2 protein chains.
Amino acid sequence: MMCSKGSLMTMVISIILCIMRRLGCKAVADATIEELKNKTELFVKEGNRAPSLAVVLVGHDAASETYVRKKAEAAEALGFLHFQYTFDEDVSEDRILSLIRDLNERDDVDGILVQLPLPGHISESRVIEAISPEKDVDGFSPVNSGRLLAGEDCFVPCTPKGIMKVLEHYGIGTAGKKAVIIGRSNIVGKPMAAILMQRGVDATVTVCHTKTPDLREYTLGADIIIVAAGHPGTIDESYVSEGAAVIDVGVNRIPDASREKGFRLSGDADYSSFRDRDVSITPVPGGIGVMTVAMLMSNTFEAAQRRAR
Amino acid sequence: MMCSKGSLMTMVISIILCIMRRLGCKAVADATIEELKNKTELFVKEGNRAPSLAVVLVGHDAASETYVRKKAEAAEALGFLHFQYTFDEDVSEDRILSLIRDLNERDDVDGILVQLPLPGHISESRVIEAISPEKDVDGFSPVNSGRLLAGEDCFVPCTPKGIMKVLEHYGIGTAGKKAVIIGRSNIVGKPMAAILMQRGVDATVTVCHTKTPDLREYTLGADIIIVAAGHPGTIDESYVSEGAAVIDVGVNRIPDASREKGFRLSGDADYSSFRDRDVSITPVPGGIGVMTVAMLMSNTFEAAQRRAR
């Protein structure tokens, strides 16, 4: 067996260390925000109005309120204009649709975001489809996701966009790699698959879900595993081969009386089980979640830039 | 080892026979057309105008001309109204866009189809995006493919729709099955993946392409292989396991001096190599190609029905 000094060294080190690599995302998100801040200052200096985001929140879901607050804070920190529209749970669909039509027309609004989920009596697809594609900074409208699937210029949904940024930051290549996505949501799984299969990204993508009989059959062969199933413990170290990267999109609230808030956050992967494995993995919290807000700001800046042109 | 009489019988028969199962599509397409004919007669009897299709053809590509002729013949056979717009290769993009805007407005047009490919100086995405989603019977516009990806009601692109019909006709289930798609075109591979991964269809889908290092690694484990690579001989029997179904979407013209036309048609799979294998496979010609035209007629009827409501 031929073996170069370098590769032998790498092998020995990896055997000796045999430890998990934590793909923290806070620094990546901070760097993105810092870059956006500079770009925004320049943009305003050039005589443009600051980028502006309108956020629509219906009801009082605790998680949704937290997300919306974080988005507002990020927008303010960047010097973006920020409008928030909050409605009680029982607001009519027509009221929301008419607000969106207004926001579509307004010259002082670059991006529109409707926080999901919406109450059952309001059609999410009708509301999302009403957002002008040019202001759809979440990238969930059909025009945007159709363009994404076709490989055309569009607003890339924030979580998949953040995942691509993290892969890039950590030098995890996608071309010719086997990517397995667990979960087929419209927000993460499907757009993620659409991105990874494009020319230039060039991963071979498999989308697994609740009807996949044997998940390990796919994950054990994968170079990159993106788990977005919405269930803690969807995978543990027995699902992952040495050298693979795990991107954990799950944000699950686990009841925990010892915490001040009464819960702790857990991803979809059993993080601690990877401790002694040669696996790279994003943590929860401090993982993909922080990227999502940064990418929303990035899309909002992009929307402002396009409108200014 | 426990073995019921029935399963033993099936096993013995499959071992004795050990022959390929030809999934001919002509009969499936004919049945679809017959059903559409009856529906159309009823639709007109109810006082509606016959469904109407506008076809736009640019240039003189031989294959495109053949496809457009077949579509015209099918429309006429069904009693559909049919408008054809033929342009020389050097027509401007503006001319095509303005025609499409006209057709979008016209009350006597239900479906609009622009035959692809277009000459290099015309942007296919701009032209396709100009077609009103309500008349986009090819299902290629972003709004339609975005809805398809999201699992919402839409015009399903004709070839993938035809493939689903053939699978259904031959009782080839998709739920919990491993589907491998070879090729990531916007016309077949990507929409096919979008359909197969939806809730209710429930296949575990992998999309392979030119950057997939080892195709067999995926195809040998697959229950359903959809090959839409556009290259003859992309797969042969060595890529396929016993019991699998192969859907061959390729239509390649192979020079053949012994034929009157100077060529013969070949799929992407090496059909004859499967002769002694327990594999189901669609032939070329007589396969998916004939389904595509039937599905276009089905979408046109659907468009007329929606407009009549």
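Where a number appears in this text, it was derived from the coordinates with a stated rule and is not lab data. Not measured: the values here are computed from a predicted model. Cβ: placed from backbone, ideal geometry, glycine included. Neighbour counts: every protein chain shown.
Before moving on, here are some points about what is shown:
- Each residue of region B:257-268 is assigned a 3J(HN,Hα), and the resulting list reads 5, 6, 9, 4, 7, x, 8, 10, 8, 9, x, 7 Hz, derived from the Karplus form 6.51 cos²θ - 1.76 cosθ + 1.60 (θ = phi - 60°), x at Gly and Pro.
- Rg over Rh for region A:132-239 works out to 0.97, both radii taken from alpha-carbon positions and Rh defined as the Kirkwood radius.
- Taking 0.36 nm per residue of separation and subtracting the current Cα-Cα distance, fully stretching the chain between B:GLU73 and B:ASP153 would add 26.0 nm.
- For region B:49-135, convex hull volume per residue from C-alpha positions, Å³: 78
- Annotation: Cα Rg of the protein assembly as shown relative to the compact-globule expectation 2.2 N^0.38 Å equals 1.05.
- Projected label distance in nm at A:ALA31 and B:LYS261, using a 7 Å step from Cα toward the beta-carbon: 5.5
- When chain A is described by a simple charge dipole with +1 on each Lys and Arg Cβ and -1 on each Asp and Glu Cβ, the residue from A:VAL127, A:LEU265, A:GLY243 located farthest towards its positive end is A:GLY243.
- Rounded to two decimals, the Cα-based Rg/Rh of region A:199-309, with Kirkwood Rh, is 1.06.
- Residues of region A:277-309 with an amide N closer than 18 Å to a point placed 7 Å from the Cα of A:ARG22 along the Cα-to-Cβ direction: A:277-291.
- Options A:VAL180, B:PRO285, A:VAL293, ranked by Cα towards positive dipole end of the protein assembly as shown, top entry (Cβ charges): A:VAL180
- For region A:112-193, the alpha carbon convex hull comes to 107 Å³ per residue, rounded to a whole number.
- Computed from phi, the 3J(HN,Hα) profile of region A:59-73 under the Karplus parametrisation 6.51, -1.76, 1.60 (θ = phi - 60°) reads x, 10, 4, 4, 5, 4, 4, 4, 4, 4, 4, 4, 5, 5, 4 Hz, with x in place of Gly and Pro.
- For the listed peptides B:212-219, B:48-55, A:120-127, a ranking on the average number of other beta carbons within 10 Å per residue, highest first, reads B:48-55, B:212-219, A:120-127.
- Projected label distance in nm at B:SER238 and B:LYS45, using a 7 Å step from Cα toward the beta-carbon: 5.8
- For region A:157-291, size of Cβ-based charge dipole, Lys and Arg +1, Asp and Glu -1, in debye: 540
- Between this copy and the others, label points of B:ARG264 are 6.8 nm apart in ascending order, each placed 7 angstrom from Cα in the Cβ direction.
- Fraction in percent of alpha-carbon pairs per bin - 5 Å, region B:250-307: 4, 16, 16, 16, 15, 12, 9, 6, 4, 1
- Each peptide among B:97-106, A:274-283, B:239-248 gets the average number of other Cβ atoms lying within 10 Å of its residues, and from highest to lowest they stand as B:239-248, A:274-283, B:97-106.
- Our note on the geometry: Cα centres of region B:18-88 and region A:120-193, 35 Å apart.
- For A:VAL56, the residues whose modelled amide H falls within less than 5 Å of its own, excluding neighbours fewer than 5 places apart on the same chain, are A:TYR85, A:LEU113, A:VAL114, A:GLN115.
- Placing unit charges on the Cβ atoms only, positive for Lys and Arg and negative for Asp and Glu, gives the protein assembly as shown a dipole magnitude near 940 debye about its Cα centre.
- Near A:CYS208, the amide H atoms lying under 5 Å from its own belong to A:ILE181, A:ILE182, A:GLY183; only residues 5 or more places off or on other chains count, and H is placed 1.01 Å from N.
- Taking Cα centre as origin and charging only the Cβ of basic (Lys, Arg, +1) and acidic (Asp, Glu, -1) residues, the dipole magnitude of region A:49-134 rounds to 220 debye.
- Over all pairs of different C-alpha atoms, chain A has a mean inverse distance whose reciprocal, the Kirkwood radius, equals 20.7 Å.
- All other residues whose Cβ lies under 13 angstrom from that of A:MET297 are scored, Lys and Arg at +1 and Asp and Glu at -1, for a net of -2.
- Copy-to-copy label distances for B:LEU97, where each label lies 7 Å from Cα along Cα-to-Cβ, are 3.0 nm in order of increasing length.
- Take every pair of alpha-carbon atoms less than 8 Å apart whose residues are at least six positions apart; their mean separation over the length of chain A yields a relative contact order of 22 percent.
- Take the Cβ atoms of A:ILE254 and B:ARG309, set R0 to 45 Å, and the FRET efficiency comes out at 0.40.
- Too-long pairs where the Cα-Cα distance tops 31 Å, listed order kept, from B:LYS45/B:LYS177; A:LYS211/B:LYS71; A:LYS26/B:LYS178; A:LYS39/A:LYS70: B:LYS45/B:LYS177; A:LYS211/B:LYS71; A:LYS26/B:LYS178
- For a label point 7 Å along the Cα-to-beta-carbon line of B:TYR170, residues of region B:235-253 with backbone N under 19 Å: B:235-252
- Inter-copy label distances at A:GLY221 (7 Å, Cα→Cβ; nm, one decimal): 0.4
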